[in-house]
Ligand SMILES: [Zn+2]
């Protein structure tokens with residue numbers, strides 16, 4: 001799969017996510033921006049003062065709230081739902097303005113981009129299949145709801161197809177990302193040929209992820225790193241599917257759904273860590289299902305042999321994106337942006353190239 005198709009896929013996804021906002025004002029109004037008013041605010045795993053403290057926010061920090069329960073509000077931290085006490089927050093005047101008028105445009109025609117898909121009698125996988133379509137088939141779109149398109153079949157007959165398995169016919173060609181890395185895999189090494197790898201750059205948009213030293217945001221370090229990872233994997237012959245290719249918000253469920261829409265061989269979520277303890281440093285790999293520990297071991301040891309950061313090992317954690325993806329999946333914490341040394345290293349192109357090479361080598365070893 002080439003860059004262009006992937007950009008289109010991600011673009012269509014962001015459209016469908018934005019459409020959800022437009023079609024469901026209840027959801028849109030429930031996502032609001034707040035600012036922390038107390039000097040330190042504990043971030044907990046549950047909406048209760050008994051919930052485990054997973055992070056702390058400082059006065060002036062901003063967060064986006066997705067729901068409210070018992071005086072507690074929910075946001076995201078490192079891909080997990082977390083909670084903070086609402087009375088320590090001040091609501092921001094304007095909430096997210098990401099919804100653009102462009103988002104309501106339903107494409108006129110779409111082409112199937114997945115190998116083979118079902119056409120259904122209604123907008124959901126619970127509706128019966130009334131036919132099938134294959135890659136390259138084009139349809140006129142007659143209606144849209146949530147993430148499904150109603151398309152014209154024969155004459156007046158219509159059916160429903162999943163929007164995330166299609167691409168717009170009319171969309172202009174996007175230029176692929178400029179690749180400036182000098183550290184590519186030797187051309188004889190095409191060891192990931194035929195493998196579908198999902199690269200999931202953590203956070204984005206209204207979710208900054210961890211906040212590090214000097215206010216550096218995790219989402220902004222993850223994105224350039226993911227570009228390097230994608231380049232190295234493609235150089236090794238992999239089909240790379242990307243869940244986020246810019247600075248915008250992607251729901252965890254959508255990250256999972258993207259992965260589960262393909263015959264994904266491995267799902268790799270990219271993150272950087274932060275801690276209240278400035279001395280905390282190094283790289284860790286997380287897996288949820290014990291069966292994925294082997295993938296984690298392989299990637300962690302390959303990364304550690306490429307870069308000089310501390311080895312924090314391979315750990316088990318119940319992250320939603322790992323739990324719900326059907327492919328073997330791992331979440332990589334590629335250094336602490338709250339540690340000045342780690343931060344100075346991980347922001348360099350050479351580190352990001354080396355870590356990308358490590359991840360690629362780890363996958364090659366895993367599939368051997
Ligand atoms: Zn993260």
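Could you check segment 251-277 and list, in sequence order, the residues that are surrounded by fewer than 22 Cβ atoms within 10 Å (Cβ to Cβ) and either in contact with a strand residue (DSSP E or B) (Cβ under 8 Å, 6 or more places away or on another chain) or closer than 21 Å to residue 210 by Cα (or both)?
Within segment 251-277, 251, 252, 253, 254, 261, 262, 263, 264, 265, 275, 276, 277 qualify.
Restricting to segment 317-334, give me the number of residues that are in contact with a strand residue (DSSP E or B) (Cβ under 6 Å, 6 or more places away or on another chain) and not in a loop (DSSP other than H, G, I, E, B).
8
Considering only strands (runs of 3 or more DSSP E) fully contained in segment 1-119, which possess at least 1 residues that are within 16 Å of the ligand (Cβ to nearest atom) and modelled with pLDDT of 75 or more?
40-44, 53-58, 72-77, 80-85
Here are some residues: 324, 361. Which one is modelled with pLDDT of 95 or more, surrounded by fewer than 22 Cβ atoms within 10 Å (Cβ to Cβ) and within 22 Å of residue 197 (Cβ to Cβ)?
324
Please name all residue pairs, on different chains or six or more residues apart, with Cβ atoms under 9 Å, provided the first residue is in segment 321-336 and is without any contact (Cβ under 8 Å) to a residue 60 or more places away in the chain and the second residue is within 10 Å of the ligand (Cβ to nearest atom).
322/79; 322/269; 322/331
Residue 256: under 12 Å from the mean Cα position of the chain (by Cα) and closer than 16 Å to residue 352 by Cβ, yes or no?
It is false that residue 256 is under 12 Å from the mean Cα position of the chain (by Cα) and closer than 16 Å to residue 352 by Cβ.
Quick one: residue 237 ticks every box in (1) over 25 Å from residue 293 (Cβ atoms); (2) assigned to a helix (DSSP H, G or I) except a single one, so which number is it?
Of everything listed in (1) over 25 Å from residue 293 (Cβ atoms); (2) assigned to a helix (DSSP H, G or I), residue 237 misses just condition (2).
So in segment 261-288, with the set limited to residues that are at pLDDT below 95 and touching a helix residue (DSSP H, G or I) at 6+ places or on another chain (Cβ under 8 Å), which one is farthest from the ligand (Cβ to nearest atom)?
If we take residues in segment 261-288 being at pLDDT below 95 and touching a helix residue (DSSP H, G or I) at 6+ places or on another chain (Cβ under 8 Å), then 261 is farthest from the ligand (Cβ to nearest atom).
Condition (residue is away from the ligand (no atom under 16 Å from the Cβ) and over 30 Å from residue 41 (Cβ atoms)) applied to segment 206-223: is it met by at least one residue?
No, there is no match, as no residue in segment 206-223 is away from the ligand (no atom under 16 Å from the Cβ) and over 30 Å from residue 41 (Cβ atoms).
So, in segment 304-316, how many residues would count as being in contact with a strand residue (DSSP E or B) (Cβ under 6 Å, 6 or more places away or on another chain) and not in a strand (DSSP E or B)?
2
The values are calculated or read from the model by the stated rules, or taken from the named source; none is laboratory data. Every value quoted in this text rests on a predicted model; they were computed, and no experiment measured them. Note that we place each Cβ from the backbone using ideal geometry, even for glycine, and neighbour counts take in every protein chain shown.
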